[in-house]
Amino acid sequence: MRHRMVVVEGSYAVAHAVKVCKPNVISAYPITPQTHIVEDLSQFAADGEMNCEYMNVESEFSAISALIGASAAGARTYTSTTSQGLALMHEALFNASGMRLPIVMTVVNRALSAPINIWNDQQDSISQRDTGWIQLYAEDVQESADMTPQLYKIAEDEDILLPAMACMDGFILSHVYEPVILLEQSLTDEFLPDYSPEFVLDPKNPMSFGAFADPSTYTEFRYKQEKAMGVALKRIEEVAIEFSEKYGRYYGGLLDGYMLEDAEIVIMAMGSVIGTIKDTIDMLRKEGERVGLLKVRSFRPFPADEIRKALKNAKVVITLDKNISVGKNEGALCTEVKACMYNNRDVLAPVIGFMLGHGGRDIPISTIVKMINKAKLVEKGIFIESEFADLREDLA
Amino acid sequence: MSLLKPGHRGCAGCCDALAGKFVLDAVGEDCIVVSPTGCLEVFTTPYPESAWGVPWIHSLFENAAAVASGVEAALKAMGKMNNTKIIAIGGDGATMDIGLQAISGAFERGHDFTYICVDNEAYMNTGIQRSSGTPMYASTTTSPAGKASFGNPLNKKNMPAIIAAHGSPYVATASVAYAPDMIRKVKKAAAIKGPTYVHVHAPCCTGWKFEGSKTIEVGRLAVETALWPLYEMEKGEVTGVRKIKNRKPVEEYLKAQGRFKHLFTMEGGAEEIKKIQATADWNVKHFGLE
């Protein structure tokens, strides 16, 4: 089957992907700051192209709270948010996951205040790491859109039942116009089964949601969430393959490698910077440098085994983080990649962390080359633990 | 048997348990109940048990109205609304303080649901801390009476007026001490389309410090002294009040509770009681209670 490409804004491509997934309830709040995704969805609803309730709520906190109620009532639900809005949702994110409600949300990654800044980094979703949500990171607009039906399929799996975030970089992906294939309704109907949950709020079969659990039972609720994440590790891979069989597009499941086989220096990263890294690798490969990429698509669940396997032949690992744990002088990917290697003898490569791209600072090829050159110093015994890669000397 | 089953962990004489029972008596089986965090939520659902004979959901402290509006939107979107009533039951803290924004949003959006505030005038579930529902001069654990204080220095927030200002088609006050009146109002609220509100006065024996056998007695004194006027508002206008015959002085209500006892022992207490009496007198005049 031939697919027709169109040039649309990233937000529109995602909104269209949401539409073909046929959610029953969408709720969203405009500011802090929102994107065109929800504007496009409200237009679809206004034009009668979607059979759903579109709720204009009074805060991001109520946006997610309304979806908790709607999901418990058996609806397929969607919202989109970013930075401050996601931070405001924090408390309810734990709640949605603890109640095992498969809400899907696009997180358009943007920096957190202060200082106030509306541009891209990934501090917002990384800061929600432990809320029990699946987190996938998209490389380009097409992947951001395609993630939507994939995540509904994963989240709504009866052995998983966890909410999921599709993370896409703000502006770089949300506001850019790229050629994409809009998801076909007919293919999506075949790919994504209807949502028919076993546990719903129904007067004919009363159930209690959100009970009080004391120390004798609370732990097992967490344990079961963790088990479900373990199932998701497998399903993310399977669903990516099912998707490629149906639509002919594949971006990796948990991870994706580029020029990885013989790479001595492996760069690990998440999100839209992947494209720039690939270009850098193409350039350096021509010069005979054995550089490769390990794209991390799934940050939660974290694919520790798969990462160790993928890094088996690496001599040095570089991690890129558009976030920082202030006080640790590291980004989350760096910390987690190092942690997953510690009790393991298969991978002995050192990990060097670079923090960059904060608050929308551009990441050009030259910055990536600079990091690679620093990583080469390891051979000479000069080792950098973790540092900011793109500091302005005049302000630092 | 009541749809709020026995065996829950409510205190003997618990006002919340009475309120929950009366609400379910009024609306029947075809409903979905949303509870914010609070006593009612905790004592009815110690996992794996539940006292709720109807579908019930608790999410967080401040979001019951948003959750209820999501439940309503879901039923509408899926064509399952039929006659199902969506009922939120929250305490004074969840309603008047931390949940106020979500309530305002849900009422403004006009969802078809009924919000019931069970007002026991402080954060009882967490240890009797002051809320904006706490009346003037009540001693709580965060507004204690002391040598330099008569207790909570502020007046109770007028929540029914706030809801009425949202254009709600039906707002009523009720009391657990007047069960038939409360049940009638909840029934009426649930039957009316759109967002409706019933604010229920609920004496808490533990927090107000009186014997558990006196919940109804104390609740009646609040109404008989005009400190808790019972009225109904439709589209913002008062359309019905419960008249008081032989109004009692506020001292009778205050004396029945430990939270006000300092007013009778502290120097200057009698003068302060006059301020409380003035509130009751204002209620009589404003609502035409006599």
(request) Among the residues of segment B:137-178, count how many are open to solvent by less than 40 Å² (accessible area, probe 1.4 Å), of a type in the set (A, V, I, L, M, F, W, C) and farther than 26 Å from B:Gly20 by Cα. (result) 1
(message) What pairs come out if I take residues in segment A:308-320 that are farther than 8 Å from A:Met268 by Cβ and touching a residue at least 12 places away in the same chain (Cβ under 8 Å) and pair them with residues that are open to solvent by less than 50 Å² (accessible area, probe 1.4 Å) and of a type in the set (S, T, N, Q) whose C-beta lies under 6 Å away, six or more apart or interchain?
(response) A:Arg308/A:Asn344
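Residues are listed down the side, and each one gets a yes or a no for (1) within 17 Å of the chain's Cα centre (by Cα); (2) assigned by TED's automatic domain parsing to the domain that holds A:Cys167; (3) open to solvent by less than 30 Å² (accessible area, probe 1.4 Å):
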| residue | (1), (2), (3) |
| --- | --- |
| A:Ile31 | no, yes, no |
| A:Glu49 | no, yes, no |
| A:Tyr54 | no, yes, no |
| A:Ser59 | no, yes, yes |
| A:Ser62 | no, yes, yes |
| A:Leu67 | no, yes, yes |
| A:Tyr78 | yes, yes, yes |
| A:His90 | yes, yes, no |
(message) If I go through segment B:241-263 residue by residue, how many of them are within 22 Å of B:Thr142 (Cβ to Cβ) and of a type in the set (A, V, I, L, M, F, W, C)?
(response) 3
(message) For segment B:99-130: of the residues being of a type in the set (Val, Ile, Thr) and in contact (Cβ under 8 Å) with a residue 40 or more places away in the chain, which is farthest from the other protein chains (Cβ to nearest Cβ)?
(response) B:Ile128
(message) So A:Ala114 passes all but one of these: (1) touching a helix residue (DSSP H, G or I) at 6+ places or on another chain (Cβ under 9 Å); (2) farther than 22 Å from A:Ser144 by Cα. Which condition number does it fail?
(response) (1)
(request) Kindly list the number of the only condition in (1) more than 10 Å from every other protein chain (Cβ to nearest Cβ); (2) touching a residue at least 60 places away in the same chain (Cβ under 8 Å) that fails for A:Arg76. (result) (1)
(request) From (1) touching a Phe, Trp or Tyr at 6+ places or on another chain (Cβ under 7 Å); (2) over 15 Å from B:Cys39 (Cβ atoms); (3) among the aliphatic types (A, V, I, L, M), pick out the condition that doesn't hold for B:Ala161. (result) (1)
(request) Confirm whether B:Arg259 is outside any helix (DSSP H, G or I), in contact (Cβ under 8 Å) with a residue 12 or more places away in the chain and either over 16 Å from the mean Cα position of the chain (by Cα) or closer than 27 Å to B:His166 by Cβ (or both). (result) no
(message) I'd like to check which helices (runs of 4 or more DSSP H) are fully inside segment B:11-88 and have at least 3 residues that are over 18 Å from the mean Cα position of the chain (by Cα) and facing chain A (nearest Cβ under 9 Å).
(response) B:64-77
(request) Can you tell me which residue within segment A:13-29, out of those that are in a helix (DSSP H, G or I) and buried (at least 24 other Cβ atoms within 10 Å of the Cβ), is nearest to the other protein chains (Cβ to nearest Cβ)? (result) A:Val18
(message) Tell me yes or no: at least one residue of segment B:102-115 is modelled with pLDDT of 95 or more, within 13 Å of the chain's Cα centre (by Cα) and surrounded by fewer than 23 Cβ atoms within 10 Å (Cβ to Cβ).
(response) no
(request) Considering (1) closer than 30 Å to A:Thr335 by Cα; (2) out of contact with any Lys or Arg (no Cβ under 8 Å at 6 or more places or on another chain), say which one A:Gly210 fails and leave the rest. (result) (1)
(request) Looking only at segment B:179-235, count how many residues are assigned to a helix (DSSP H, G or I), open to solvent by 20 Å² or more (accessible area, probe 1.4 Å) and β-branched (Val, Ile, Thr). (result) 3
(message) For segment A:184-213, give me each residue that is more than 7 Å from every other protein chain (Cβ to nearest Cβ) and assigned to a loop (DSSP other than H, G, I, E, B).
(response) A:Glu184, A:Leu192, A:Pro193, A:Asp194, A:Tyr195, A:Ser196, A:Pro197, A:Glu198, A:Phe199, A:Val200, A:Lys204, A:Asn205
(message) Can you go through A:Tyr152, A:Tyr195 and tell me which one is open to solvent by less than 50 Å² (accessible area, probe 1.4 Å), in contact with a Lys or Arg (Cβ under 6 Å, 6 or more places away or on another chain) and at negative phi?
(response) A:Tyr195
(request) Considering every residue within segment A:228-244, establish whether at least one is part of a strand (DSSP E or B), away from chain B (no Cβ under 14 Å) and either open to solvent by less than 10 Å² (accessible area, probe 1.4 Å) or farther than 28 Å from A:Gly132 by Cα (or both). (result) no
(message) Can you confirm whether A:Val326 is over 30 Å from A:Ile154 (Cα atoms), of a type in the set (Val, Ile, Thr) and open to solvent by 30 Å² or more (accessible area, probe 1.4 Å)?
(response) yes
(message) So in segment A:30-70, with the set limited to residues that are touching a Phe, Trp or Tyr at 6+ places or on another chain (Cβ under 6 Å) and facing chain B (nearest Cβ under 9 Å), which one is nearest to A:Glu190 (Cα to Cα)?
(response) A:Ala63
(request) Could you tell me which of the residues A:Ile267, A:Ile181 is open to solvent by less than 10 Å² (accessible area, probe 1.4 Å) and either of a type outside the set (S, T, N, Q) or within 14 Å of another protein chain (Cβ to nearest Cβ) (or both)? (result) A:Ile267
(message) Considering only segment A:99-120, I want to know if a residue exists there that is open to solvent by less than 10 Å² (accessible area, probe 1.4 Å), farther than 26 Å from A:Ala45 by Cβ, modelled with pLDDT of 95 or more and in the same structural domain as A:Pro179 (by TED's automatic domain parsing).
(response) yes
(message) Here's a check for you: in segment A:270-290, which residue that is within 25 Å of A:Leu182 (Cα to Cα) and touching a Phe, Trp or Tyr at 6+ places or on another chain (Cβ under 7 Å) is most open to solvent (accessible area, probe 1.4 Å)?
(response) A:Lys278
(request) Identify, from the list B:Glu72, B:Glu49, the residue that is at pLDDT 95 or above and surrounded by fewer than 24 Cβ atoms within 10 Å (Cβ to Cβ). (result) B:Glu49
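The values are calculated or read from the model by the stated rules, or taken from the named source; none is laboratory data. Remember, predicted model here, so these are calculated numbers, not experimental data. So basically every Cβ, Gly included, is an ideal-geometry build from the backbone, and we count neighbours across all protein chains shown. Calculation scope for accessible area: heavy atoms of the full protein, side chains included, ligands and nucleic acids excluded. Shrake-Rupley method; radii C 1.70, N 1.55, O 1.52, S 1.80 Å.
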